[in-house]
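Peer 1: Have a look at this one.
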Amino acid sequence: VVLSDGPQPLHFYPRDQSSNTCTFTVEGDGVGAAEQVQIAVIKDGVPYSESSDSAASFAITTTIEAGLYLYDVKISWDSDSGYWTEAETIEDVVCGDVILIDGQSNSVASDYHSEQLGDIEKSTFVRSYGSSVVSADVLDDDSFGVAVANSPYIHAAIGQWGLRMANRLSTEESMPILVINGAVGGTSVWSHQRNESNPTDV
């Protein structure tokens, strides 16, 4: 089985607040012996849902419940033998709410005094996406991670107050939280505004 779309490890999906769910699609193609493809979702170690489709250009849509749950997505294939062979398992997928932070050094909020206390509250239910590195190289980081706070401008860095805020929200709302921190120390307000002539300008 070759996948063209679907979750990645530690994937965070933003919930639909009206239904309190997240929906995603696993797409790909079967190669060689694969005739059928099965997507099995495991919620906190317990089977949650199961769907199958022809392996030829398959697209299987799955819905998961938002909340403090860890989902594993197992992709298997069958050659019409009645026996499923596991191809890949994507672990620790969650469904929750997304928060954005922007501003100057107070919003970067890294460990400026080298106390090494910022990451004490790390939690698998507080995540980030990509990197806050001050460079166009930020485009090369397209993976999710457990959020960190000690160091600025690295993968999954959200700052100390960002991590504290996200943990409090996660606890109070019983919800995974993803934070993206776009703050840069010593910058002016205008440098954070949308570039209308190039909206994807990093």
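The values are calculated or read from the model by the stated rules, or taken from the named source; none is laboratory data. Please read these numbers as outputs of a predicted model, since none were measured by experiment. Cβ placement follows ideal geometry from the backbone for every residue including glycine, while neighbour counts extend to all protein chains displayed. These accessible areas exclude ligands, DNA and RNA; they are computed on the full protein's heavy atoms, side chains included. Shrake-Rupley method; radii C 1.70, N 1.55, O 1.52, S 1.80 Å.
Peer 1: Looking only at segment 14-43, count every residue that is open to solvent by 30 Å² or more (accessible area, probe 1.4 Å), in contact (Cβ under 8 Å) with a residue 60 or more places away in the chain and not polar (S, T, N, Q) and tell me the total.
Peer 2: 2
Peer 1: Could you say whether any residue in segment 99-121 is assigned to a loop (DSSP other than H, G, I, E, B), in contact with a strand residue (DSSP E or B) (Cβ under 6 Å, 6 or more places away or on another chain) and either surrounded by fewer than 13 Cβ atoms within 10 Å (Cβ to Cβ) or at pLDDT below 95 (or both)?
Peer 2: The initial filter retains those residues of segment 99-121 that are assigned to a loop (DSSP other than H, G, I, E, B), namely 102-104, 109-117.
Then keep just the ones that are in contact with a strand residue (DSSP E or B) (Cβ under 6 Å, 6 or more places away or on another chain); that gives none.
No, the conditions are met nowhere in segment 99-121.
Peer 1: On to the next question. Looking only at segment 61-74, which residues are open to solvent by less than 10 Å² (accessible area, probe 1.4 Å) and of a type in the set (A, V, I, L, M, F, W, C)?
Peer 2: Within segment 61-74, the first condition is being open to solvent by less than 10 Å² (accessible area, probe 1.4 Å), and the residues that meet it are 62, 64, 66-67, 71, 73.
I64, A66, V73 - these are the residues of segment 61-74 that are open to solvent by less than 10 Å² (accessible area, probe 1.4 Å) and of a type in the set (A, V, I, L, M, F, W, C).
Peer 1: Considering only segment 29-74, state which residues are assigned to a strand (DSSP E or B), among the aliphatic types (A, V, I, L, M) and over 20 Å from the mean Cα position of the chain (by Cα). Lay out the reasoning, then the answer.
Peer 2: Within segment 29-74, the first condition is being assigned to a strand (DSSP E or B), and the residues that meet it are 29, 36-43, 46-54, 58-65, 67-74.
Still in the list and also among the aliphatic types (A, V, I, L, M): 37, 39-42, 46, 59-60, 64, 68, 70, 73.
Answer for segment 29-74, where residues must be assigned to a strand (DSSP E or B), among the aliphatic types (A, V, I, L, M) and over 20 Å from the mean Cα position of the chain (by Cα): V37, V46, A59.
Peer 1: Please verify whether V46 is of a type outside the set (D, E), out of contact with any strand residue (DSSP E or B) (no Cβ under 8 Å at 6 or more places or on another chain) and open to solvent by 50 Å² or more (accessible area, probe 1.4 Å), treating the condition exactly as stated. Spell out how you get there, then give the answer.
Peer 2: Details: of a type outside the set (D, E): yes; out of contact with any strand residue (DSSP E or B) (no Cβ under 8 Å at 6 or more places or on another chain): yes; open to solvent by 50 Å² or more (accessible area, probe 1.4 Å): yes.
Judged against the criteria, V46 is a match.
Peer 1: Restricting attention to segment 149-186, which residues are assigned to a loop (DSSP other than H, G, I, E, B), open to solvent by 60 Å² or more (accessible area, probe 1.4 Å) and either modelled with pLDDT of 95 or more or of a type outside the set (S, T, Y) (or both)? If you could, list the steps in order and put the result at the bottom.
Peer 2: Filtering segment 149-186 for residues assigned to a loop (DSSP other than H, G, I, E, B) gives 149-154, 156, 158-159, 174-176, 182-186.
Subset that is open to solvent by 60 Å² or more (accessible area, probe 1.4 Å): 153-154, 174, 186.
Result: I154, S174, G186.
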